[in-house]
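To start, the structure under review is shown below, and the notes come after it.
Where a number appears in this text, it was derived from the coordinates with a stated rule and is not lab data. Given the structure is predicted, the values throughout are model-derived calculations rather than measurements. Cβ placement follows ideal geometry from the backbone for every residue including glycine, while neighbour counts extend to all protein chains displayed.
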Amino acid sequence: MANYRIAPSILSANFAKLGEEITAVIDSGADFIHFDVMDNHYVPNLTIGPLVCEAIRPLTDAVIDVHLMVEPVDRIIPDFAKAGANIISFHPEASRHIDRTIGLIKEQGCKAGMVFNPATPLNYLDHVLEKLDLVLIMSVNPGFGGQQFIPEALEKLKSVRKRIDETGKNILLEIDGGVKVDNIAEIARAGADTFVAGSAIYGAGRDSDPHRYDSVVAAL
Ligand code: DX5
Ligand code: ZN
């Protein structure tokens, strides 16, 4: 259990009381706050940016785990670093120069993650895996919370787990999309150690509920 992290996705939270919703999941024991950034260009939805990251930073010491679904990606990275992001992850399709983007994130003092859509091949890890702090496997197509888990993501997790273990480095393996009480244990067995959960934690009313958080953890 100690090796697992839960990253509630605030995309599913009630934005009218975002601060309270963040404090509630932290009080429940969340390790990360997953922060979904969408630009209505790389993905068909528009969400939150560095100003919101800066506003929530004083609320918690938890890791702010920024998932950038924006294109181009490089120019927004320094803004998120200044706003207090701890981890910044990007989609390789949204970067012209992947190695440069990783370097930029690290130069800004953040940890770097790379994100794989359901149909994005893992060979993007070639040559850069050892420079990454996190690999994020999408188990839905990015853009919206509340979608169904795509089961092919399990095989992908197993492959990445193997590749990470071969490096001997401490690289997190995160899963994002459709993580629920009834599938989280299987996802963990496939090798994930960090679990994004949006609708499973915030529920249909967009309000968090400690029982919902606890049942996700208990299912691990
Ligand atoms: C989707 C986002 C996810 C989303 C997950 O593009 O990256 O982080 O919030 O939501 P659930 O857990 O509801 O699938
Ligand atoms: Zn996400």
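Listed values, structure above:
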item: Residues Lys106 and Asp79, FRET efficiency given R0 of 22 Å [Cβ-Cβ distance, rounded to 0.05]; result: 0.85
item: Under the Karplus curve 6.51 cos²θ - 1.76 cosθ + 1.60, θ = phi - 60°, whole-Hz ³J(HN,Hα) for the range 181-197, x wherever Gly or Pro sits; result: 4, 7, 10, 5, 5, 5, 5, 5, 5, 6, x, 5, 10, 9, 10, 7, 9
item: The range 5-218, Cα convex hull volume normalised per residue, Å³; result: 110
item: Euclidean distance of C-alpha centroids, the range 1-73 and the range 115-153, integer Å; result: 18
item: Least to most buried among Asp65, Asp182 (fewest other Cβ within 10 Å first); result: Asp182, Asp65
item: Hits among lysines - C-alpha to C-alpha of Lys106 under 28 Å, sequence gap 8 or more where chains match; result: Lys82, Lys131, Lys156, Lys158, Lys162, Lys169
item: Max mean-square fluctuation residue, GNM over the chain, Cα-Cα springs under 10 Å, options Asp126, Asp61, Asp176; result: Asp126
item: For the range 94-107, Karplus couplings with θ = phi - 60° (6.51, -1.76, 1.60), whole Hz, Gly/Pro x; result: 9, 10, 6, 9, 4, 4, 5, 5, 4, x, 4, 4, 6, 4
item: Neighbourhood charge, 14 Å Cβ-Cβ cut-off, centred on Val70 and excluding it, Lys, Arg +1 and Asp, Glu -1; result: -4
item: Amide H contacts of Val179 (H built 1.01 Å from N, under 5 Å, at least 5 apart or other chain); result: Gly198
item: Over the range 66-220, relative contact order from alpha-carbon pairs under 8 Å, at least 6 apart, %; result: 16
item: Summed residue charge, Cβ within 10 Å of Lys131's Cβ, Lys/Arg positive, Asp/Glu negative; result: -1
item: Chain lengthening between Asn45 and Gln147 when straightened (0.36 nm per residue, less Cα-Cα); result: 35.3 nm
item: Gained length - Lys17 relative to Glu186, 0.36 nm times residue gap less alpha-carbon distance; result: 57.5 nm
item: Length released on extending from Ala218 to Glu130, taking residue separation times 0.36 nm less the Cα-Cα span; result: 28.5 nm
item: Helical contribution to [θ] at 222 nm, DSSP H n ≥ 4, -39,500 (n - 2.57), averaged over the chain, rounded to 500; result: -8500 deg cm²/dmol
item: Neighbourhood net charge (11 Å Cβ-Cβ; Lys/Arg +1, Asp/Glu -1) for Lys17; result: -2
item: Whole-Hz couplings from phi, Karplus 6.51/-1.76/1.60, listed for the range 201-207; x for Gly and Pro; result: 9, 8, x, 5, x, 6, 9
item: Virtual spin-label span in nm between Arg96 and Thr120, 7 Å along Cα→Cβ; result: 1.9
